[in-house]
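The structure appears below as structure tokens.
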Amino acid sequence: PWAAIAQDVEIDITITEGELKAACANKMGIATMGLGGVFNFMAKKQGLAHLPLFDEIEWHGRNVNVCFDSDAASNPMVKAAESMLCRCLLKLGAKPRIIRLPAINGLEKTGLDDWLAEQADPKQAFDAMVAAHEPYDSMTLELHRLNEELVVVDHPACVVQLADNKHI
């Protein structure tokens with residue numbers, strides 16, 4: 001019942017990458033929006049910081065779980081997308097948190113649907129995982145801004161400016 005969910009800030013919304021992953025989570029009782037790709041919450045070429053659909057949702061005070069695939073922990077571009085999405089959500093008044101999925105069964109990449117399928121009680125397990133993660137707050141906006149521009153690379157050690165992949 002998305003019309004009701006959109007207006008009820010007491011209902012947490014989870015945002016994941018992939019429409020089918022979101023459908024799986026919704027079926028298990030987790031209100032989830034699916035993005036076609038991690039940057040697909042905006043339309044940069046049209047100058048939109050977020051898609052018009054976001055304006056149909058009451059975000060102020062709502063808990064929002066950003067739950068991308070497990071490779072997000074090691075992929076700098078996905079980390080940048082997470083930061084941009086969290087920053088966007090903060091500006092809309094939401095209380096975002098990044099949920100890190102653990103890899104399962106030796107898979108290189110675990111999606112939300114994969115992780116939920118492994119749980120005896122998927123909704124309860126997801127709620128417990130969410131409770132273990134701290135929400136972002138407005139004090140971290142500058143860190144989000146920097147994460148959109150720069151990434152630290154461990155091997156070889158350097159800082160990369162994302163806009164032009166320049167090592168600084």
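The values are calculated or read from the model by the stated rules, or taken from the named source; none is laboratory data. Because the structure is predicted, anything quoted here is derived from the model rather than measured. Cβ placement follows ideal geometry from the backbone for every residue including glycine, while neighbour counts extend to all protein chains displayed. Protein only, heavy atoms only, side chains kept; ligands, DNA and RNA dropped before computing areas. Shrake-Rupley method; radii C 1.70, N 1.55, O 1.52, S 1.80 Å.
Values as computed for the structure displayed
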read-out: Filtered residues of region 55-78 (kept if over 12 Å from Ile13 (Cβ atoms) and either buried (at least 19 other Cβ atoms within 10 Å of the Cβ) or of a type in the set (A, V, I, L, M, F, W, C) (or both)); value: Phe68, Asp69, Ser70, Ala72, Ala73, Met77, Val78
read-out: Candidates Ala94, Ala103 - the one that is in contact with a Lys or Arg (Cβ under 8 Å, 6 or more places away or on another chain) and open to solvent by 60 Å² or more (accessible area, probe 1.4 Å); value: Ala103
read-out: Pair list, Cβ under 6 Å, 6 or more apart: region 116-137 residue farther than 17 Å from Ala25 by Cα, other residue open to solvent by 60 Å² or more (accessible area, probe 1.4 Å); value: Pro135/Lys95
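So that you can scan it fast, the table gives a plain yes or no per residue for (1) more than 22 Å from Gln124 (Cα to Cα); (2) in a loop (DSSP other than H, G, I, E, B); (3) without any contact (Cβ under 8 Å) to a residue 24 or more places away in the chain:
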{"position": "Ile5", "(1), (2), (3)": "no, no, no"}
{"position": "Val9", "(1), (2), (3)": "no, yes, no"}
{"position": "Thr14", "(1), (2), (3)": "no, no, no"}
{"position": "Lys21", "(1), (2), (3)": "no, no, no"}
{"position": "Cys24", "(1), (2), (3)": "no, no, no"}
{"position": "Gly29", "(1), (2), (3)": "no, yes, no"}
{"position": "Gly34", "(1), (2), (3)": "no, no, yes"}
{"position": "Val38", "(1), (2), (3)": "yes, yes, no"}
{"position": "Phe41", "(1), (2), (3)": "yes, yes, no"}
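Conditions tested, residue by residue: (1) of a type in the set (Asp, Glu); (2) at pLDDT 80 or above; (3) under 16 Å from Glu17 (Cβ atoms).
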| position | (1), (2), (3) |
| --- | --- |
| Asp69 | yes, yes, yes |
| Cys86 | no, yes, yes |
| Ala128 | no, yes, no |
| Asn147 | no, no, no |
| Cys158 | no, no, no |
